[in-house]
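Worksheet: the structure to be examined is printed underneath.
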Amino acid sequence: MNPYQQPEIAGRRSASHPEAGVDGRPHSRQTGGHPYPSPGGKSHPTAAAEQGAPSLSLSPSLSLDAQIDRVDQTLKKDLNDGLSLNEIENPGMGLEQDPKRRRVSDEGTTEPNTAGNTTAEEGASRLGGYLLRKRRAESCAESYLQLKELAQEIKNEKIQQQKEQQEHQEHQEQQEQACLQQDAHAQLVQTRAMAKRSIDWLGMLPQEMWAEILSHLAYTDIGKAMCVCKTFSEQEPYVWRLACANQWPELTERMATVPDRMFKNQWSRWRKCYEMLSLRAAENKLVRGWGNTFASLASSASSSEEGADALPSLQREVTPHFRSVLVEWMIEVAQEWKLESTMIFQATRYLDHYLRTVEVTDIGKFQLVGISALRLAVSLLRPQMKISPEQHACLMDPARYAAVCDGAATEEEVVATTDLLAGMVSKEMCEAPNAKMYLRCLWYTISKTGIAGCTTEDMHVYVLAAFLLELGQTDLAYSTHSHSSLAGASMSLALQFYGKDPWPLELLAFSSYTSECLAEQRKVLARAQAMTLGSNVRDIWCGFYQNHLYHDRRAEWDRSLALMGRRGPDFVEIAFGADVAERLRSRTGRESADAISFRGQEALELAMIRILV
């Protein structure tokens, strides 16, 4: 028998190798064909003829990574079967150089040939296995090289596509930039043409007429017009002064008397005046009289006019005395809770607005209105307090406000009344500065500029003014004046108490008020100091400031503490006039009103009651 006859070799392998095909060659378990792809996606001619089945080729439906993984698995199988990587990449190596180096076992695996001699059948079997592996290695190597070339081509295509996209994007950006430049140039040309026409228009009218036209514009429009052209900007001071004169002629004449040295920038002087006067105008809109709110005021108003019918009063249960007592109690609560000092002024504003609008039918619930107004002031002034949300939640706890009323209100009533007040007050009322804010700004200006000879060391002046301003809230006429004027009146009284100029002319530049404008407000605060007992409030103020650190100004502080600790005749002449002060001196038997305090508080109160009643 011919040892190279293929059927006999196939018979041996088919009997011993479980994976052998019909012709003795191993085939794929899944497809039954050649286990390696051939170059170019075509079946190997020899393998296709011998096995009669299609080989694994490069499928276009598979991705490049999947095909590379497929070839790598086949390479690993060959290595496991005994072929080296050099034999796969160089099919000429191997058994052609050393035919005795390897042999094929009956199980289909290769192992070193330890035997010295081989039979013809074993040599034929080994040669057949070698030829088969050689064809498989050649096909795999060609497929691997093709895949590498294909991967490189795909990579080059991607790089080329990215480059083309980048070039396209750069081209689009250049086109867009060119369009923007063209639009900007066209807009510039149009603006220049408009400016040229504007200059021609400006030449048609005199500058005084243009200033008059601009002065009737709104505040923001005037500011924009000043930036249009150089002709308008050169007339800025004159335009702002005309704008002030058009709306507030009397105040403008008053502001014109302020020395120029009080303004750092003369160019923006009248613009600042316009802003300040606008603020005053908005503040005056919030000021309202009491009218027929209380029965005593309505009867006095009707009796002053002959034949006039009595006006019905809004508040029948609440009297001005009840309001004074409630405000004094609210001041005590705010001081005991150590609330920010501006809150009590805002709470009093909300309380007075409620009394002018809603009738209090139950006097037992009047305290509820006051504590709810204080709670609303705390909630609206939180941004100025600079406190954490936890602290603010503690301050807004309705149980705290209900407890301080000592059973006169429940938590639900506090929340409901607070919500009612919040719906009644306007946005302008919530955002408007109160008297304490104005006083701080005024003192900062006085202490920094040295007006009236005051410096930052003269804090006793500011403390006395703040006390008079806070105590003045108990007077009913307090809410009939603007808060800025009340702040100026308190500072004027404090300066006068220490022998300084009550209201220097320089303060007109920062407040728009003269000493004559503050006469009524000074009477209100002086009357509150002379007539309000306020023992608890006075004790709190004296206890807080008696341990001051200004030891070099001890005498001035002692005078302030003495005035805050008692009500007396210090401001009687300011509050009630020279005639009342003279009558008071004659009744007490003293030459000066300052000596009345030596006769005791009871004698002073009795003398005042006899005179005023």
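The table for this structure:
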| item | result |
| --- | --- |
| Rule-of-thumb Rg ratio for region 435-567 [Cα; 2.2 N^0.38 Å; N residues] | 0.99 |
| Distance from region 355-373 to region 162-187 (C-alpha centre basis), Å | 70 |
| Cα centre as origin, Lys/Arg/Asp/Glu Cβ charges: region 448-538 dipole, Debye | 180 |
| Given 338/500; 272/338; 196/230; 264/436; 224/272, the pairs whose alpha carbons are separated by over 24 Å | 338/500; 272/338; 264/436 |
| Peptides ranked, highest mean first, by Cβ atoms within 10 Å: ranges 538-551, 326-339, 130-143 | 130-143, 326-339, 538-551 |
| Check: region 367-416 dipole with +1 on Lys, Arg Cβ and -1 on Asp, Glu Cβ, in debye | 320 |
| Sites residue 319 and residue 501, calculated FRET efficiency, Cβ-Cβ separation with R0 45 Å, nearest 0.05 | 0.70 |
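Since every read-out is calculated from the coordinates, none of them should be taken as a lab result. Predicted model only: the values in this text are computed from it and were never measured. All Cβ positions, even for glycine, are placed from backbone atoms using ideal geometry, and neighbour counts span all protein chains on display.
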